[in-house]
Amino acid sequence: MSQEYSRINKLIDQINTHNHNYYAMDNPTISDSEYDRMFNELKALEAKNPALVLPHSPTHRVGGAIKKGFTEVKHATPMLSLSNSNGDTLMKDLTRMSVSPEELYCCEPKLDGLACSLLYENGFLIQGLTRGDGMSGEDITANVKTIRNIPLKLMGDIPKRLEVRGEIVMPKALFEEYNEKRRAQGKSTLKNPRNGAAGSVRQLDPSVTASRPLAFYAYGVVKTDGGSTLYRSHYDSLTLLQSLGFEVSSYVRRVKGPEQVKKYIDAIGRVRNEIPYEIDGAVFKIDSVEKQEALGYISRAPKWAFSYKYPAVEEMTTLLSVDMQIGRTGAVTPVGRLEPVDIAGVTVSNVTLHNQNEIERLGLMIGDRVIVRRAQEVIPQVIGVDVSSRPTDAKEIVFPTHCPVCNSALVRPEDEVVWRCSGGLICSAQRIEGLKHFVSRKAMNIDGVGEKLVSLLFEKGLVIDFSDLFHLTANQLMPLDGMASKSAENTIRSITQAKKTSLSRFVYALGIRGVGENSSRILATHFKSLEALMSACIDELVDVPDIGPITAKDIVTFFSHKGNLRVIRQLLDAGVSWESIKTVADSPIKGMNFVVTGGFSIVPRKSIEQAILDAGGKVSGSVSSKTQTLIVGTNAGSKLDKAIKINGAGGNITILDEDAGVAFLKGHEVLA
Ligand code: IVH
């Protein structure tokens, strides 16, 4: 028994350390299989000795017994809220709270999730509470234990008792991914990352929480047991929390004087979209804890901290009508036309309604008041309907049975939620969308030929197939609306220039279902020639990283279609060509891991990344201990911070600025 007890303890410590490296540091230090082996050994030992399931065992991370309800627990120290400052009051608030013009402030993003208080005794997590009404919250201990970046046991110099406050969030990308998957299954989706976080945490079955991608960011320490605060500076206590194993937002900065706070607020407002979790504002706090204490509180908010709210990303408006849009693969997307509404500085008048299931799930009718959400990088969506204000003349949304453009029947395979037009190439909507995709920046990149011109050329019968573009003459373009002779000539010149392309762009431009920009690059690098790709069978294709069986089948189907083969032949006959891909056996950077971040002025970032990939190097979107070289341009953000953090913890990432990076790649003949 005692031997097993010490083995269990050792496994717990090892697994918890690896968890921390993986989730909080984004810096994995063992393979997944080794991790699984240790985890399974621990599970087996615990199954044999139920009395030895220790409170900080990582096996709690997968959930546990289902509860009947949550117990209400009084907060030892109330959880306060923040007073708001805005453009008009900001400077006044900042000067009122500061003692000197050189005052230090800790500036933080205001995370939009669920506030949570975590209590540790002798280093062990013993309680997790929601904010509730601020005076008492609900006991969510079993649920917070499933959140991977929350330490179950603290590391380093462990205080006897510690209460940590922070926000539980659902990272934006994981939220989108989760909803995307649910939508494809025709299931209900989460409204926004905040609801996602709150709903996931308040689950009576902790295994449901465990299945949701959540993270905790610490933003404060509470004095406990009447003892002294850990640090005299708030910023330093956040650093201390990091060393104890917590994750703190990498956007936290300590600045001097009100002007710098204002700059921080503006800067975070500008990069708001790039932050991996949703924020609804910035928070600024007097850094000195002594001064905080002297300033004190008004009712339920401190006088030493304020929040500054950024514009909301959700607004209400009216759904005026619904149109059906046909994509290049025939997919029918219902598009809602809205009473235009300003959402965080952008006028929104169209929303995607995704598919028929989504409309039914929302119970949406034309004329309804709807909540529209405009998150960055994703098309605005309707996330809710106010049925109580439905007008009496609200109209049902009728899904068509035939394509509104070519009248072919709409079809829907049984296991899919998307209806498709069966018209194929006879459907002009599919053709126009295909052409728009073909000329687009990431595909053939034909400068000066945009969506409008493509539609016009199609309507005039000048361009029906892709290859028709390459036979256009300036004389044919000149009579078109808005085309002077000079611009007609320029357009023809850029069409001619675009004939010289790369295999990956060409593959992407063909618009094969499921083959995006990234897969096209992978396919081109793997097969190296169009002929090899065209003759690949499903088995060969699924062996290519990132290509799944469905896409493999779609690729084979595409290249077995006579019409598509004709289109490809015509393009090659029209002079579309690319340089053959060199074998990369000898490149000194082959297999090396790179991350490229920030803005570049000498060579565009995309070109640097492409050159590295072409030479057989690897390019990743995030910095980890596997990263060997980080090339940073201007305004580098969290990736640079992360690399510095990893190097500080014994890592060895070579960090190069633009000049040094370009020189390095030229020196290795990666860039010409
Ligand atoms: S400090 C005494 N810092 O905002 C100060 N709060 O209105 C208490 N929040 O529900 C909070 N990010 O969950 C603080 N960096 C941050 C925050 C933050 C988000 C939330 C918090 C609370 C609300 C306060």
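The values are calculated or read from the model by the stated rules, or taken from the named source; none is laboratory data. Since we're looking at a predicted model, the values are computed, not measured. Backbone-built Cβ (ideal geometry, glycine too); neighbour counts: all protein chains shown. For accessibility, only protein heavy atoms count, side chains too; no ligands or nucleic acids. Shrake-Rupley method; radii C 1.70, N 1.55, O 1.52, S 1.80 Å.
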Per-region count, segment 89-109, residues in a helix (DSSP H, G or I) and open to solvent by less than 70 Å² (accessible area, probe 1.4 Å): 5
Which helices (runs of 4 or more DSSP H) sit wholly inside segment 447-544 and have at least 3 residues that are of a type in the set (Val, Ile, Thr) and surrounded by 13 or more Cβ atoms within 10 Å (Cβ to Cβ)? 485-498
How many of the residues making up segment 266-286 are in a strand (DSSP E or B), more than 10 Å from the ligand (Cβ to nearest atom) and open to solvent by 10 Å² or more (accessible area, probe 1.4 Å)? 0
Check His60 against each of (1) open to solvent by 40 Å² or more (accessible area, probe 1.4 Å); (2) in a loop (DSSP other than H, G, I, E, B); (3) away from the ligand (no atom under 16 Å from the Cβ); (4) in contact with a Lys or Arg (Cβ under 8 Å, 6 or more places away or on another chain) and name the one condition it does not meet. (2)
All but one of (1) crowded, with 20+ Cβ neighbours inside 10 Å; (2) out of contact with any strand residue (DSSP E or B) (no Cβ under 7 Å at 6 or more places or on another chain) hold for Lys263, so report the exception by its number. (1)
Filter result for Ile631 (free of Cβ contacts under 8 Å to residues at least 12 places away in the same chain and under 22 Å from Ile275 (Cα atoms)): no
Would you mention how many residues in segment 134-148 are outside any strand (DSSP E or B) and open to solvent by 10 Å² or more (accessible area, probe 1.4 Å)? 5
Only helices (runs of 4 or more DSSP H) wholly contained in segment 161-252 count here; list those with 1 or more residues that are within 16 Å of the ligand (Cβ to nearest atom) and among the polar types (S, T, N, Q). 193-201, 234-244
Over segment 347-368, the set of residues closer than 21 Å to Arg194 by Cβ and either open to solvent by 60 Å² or more (accessible area, probe 1.4 Å) or touching a His at 6+ places or on another chain (Cβ under 7 Å) (or both) is Arg361
Would segment 627-644 turn up any residue that is open to solvent by 60 Å² or more (accessible area, probe 1.4 Å) and of a type in the set (A, V, I, L, M, F, W, C)? yes
When Asp36 is evaluated against the numbered criteria (1) part of a helix (DSSP H, G or I); (2) in contact (Cβ under 8 Å) with a residue 40 or more places away in the chain, which criterion, by number, is the only one it fails? (2)
Which one is modelled with the highest pLDDT among residues in segment 101-117 that are more than 12 Å from the ligand (Cβ to nearest atom) and in contact with a Pro (Cβ under 9 Å, 6 or more places away or on another chain)? Tyr105
Determine whether Leu82 is open to solvent by 50 Å² or more (accessible area, probe 1.4 Å), within 16 Å of the ligand (Cβ to nearest atom) and closer than 26 Å to Asn192 by Cα. yes
Of the conditions (1) away from the ligand (no atom under 13 Å from the Cβ); (2) of a type outside the set (Val, Ile, Thr); (3) assigned to a strand (DSSP E or B), Lys263 satisfies every one except a single condition; which number is it? (3)
Checked segment 1-25 for anything open to solvent by less than 60 Å² (accessible area, probe 1.4 Å) and either acidic (Asp, Glu) or out of contact with any strand residue (DSSP E or B) (no Cβ under 8 Å at 6 or more places or on another chain) (or both); matches are Glu4, Ile8, Asn9, Leu11, Ile15, His18, Asn19, His20, Asn21, Ala24, Met25
Restricting segment 221-232 to residues that are surrounded by fewer than 21 Cβ atoms within 10 Å (Cβ to Cβ) and in contact with a helix residue (DSSP H, G or I) (Cβ under 8 Å, 6 or more places away or on another chain), which is modelled with the lowest pLDDT? Thr229
I'm checking my understanding of the structure. Among residues of segment 545-582 that are within 22 Å of Phe466 (Cβ to Cβ) and of a type in the set (Lys, Arg), which one is least open to solvent (accessible area, probe 1.4 Å)? Arg566
Is one or more of the residues making up segment 170-191 of a type in the set (Gly, Ala, Ser) and either under 28 Å from Pro101 (Cα atoms) or touching a Ser or Thr at 6+ places or on another chain (Cβ under 8 Å) (or both)? no
Having 3 or more residues that are among the aliphatic types (A, V, I, L, M) and under 26 Å from the mean Cα position of the chain (by Cα) is the bar; report the helices (runs of 4 or more DSSP H) wholly within segment 551-660 that clear it. 605-614, 638-648
Could you check how many residues of segment 287-304 are open to solvent by less than 70 Å² (accessible area, probe 1.4 Å) and within 11 Å of the ligand (Cβ to nearest atom)? 4
Among the residues of segment 653-663, how many are out of contact with any helix residue (DSSP H, G or I) (no Cβ under 8 Å at 6 or more places or on another chain), modelled with pLDDT of 90 or more and either surrounded by 17 or more Cβ atoms within 10 Å (Cβ to Cβ) or under 25 Å from Thr29 (Cα atoms) (or both)? 1
Could you say whether any residue in segment 69-77 is in a loop (DSSP other than H, G, I, E, B), at pLDDT 90 or above, within 16 Å of the ligand (Cβ to nearest atom) and open to solvent by 40 Å² or more (accessible area, probe 1.4 Å)? yes
How do the pairs read when you match residues in segment 635-655 that are free of Cβ contacts under 8 Å to residues at least 12 places away in the same chain with residues anywhere that are of a type in the set (S, T, N, Q) and open to solvent by less than 30 Å² (accessible area, probe 1.4 Å), using Cβ under 7 Å and keeping only pairs 6 or more apart or on different chains? none
Being over 23 Å from Gly434 (Cβ atoms), at pLDDT 90 or above and aliphatic (A, V, I, L, M) narrows Ala509, Ala552, Ala532 down to just Ala532
Kindly indicate whether Gln628 is at pLDDT below 85, among the polar types (S, T, N, Q) and within 26 Å of Ser520 (Cα to Cα). no
If we ask which residues in segment 382-400 are β-branched (Val, Ile, Thr), open to solvent by 40 Å² or more (accessible area, probe 1.4 Å) and under 35 Å from the mean Cα position of the chain (by Cα), their number turns out to be 2
Going through segment 118-138 one residue at a time, which ones are over 21 Å from Ile279 (Cβ atoms), within 12 Å of the ligand (Cβ to nearest atom) and under 30 Å from the mean Cα position of the chain (by Cα)? Gly132
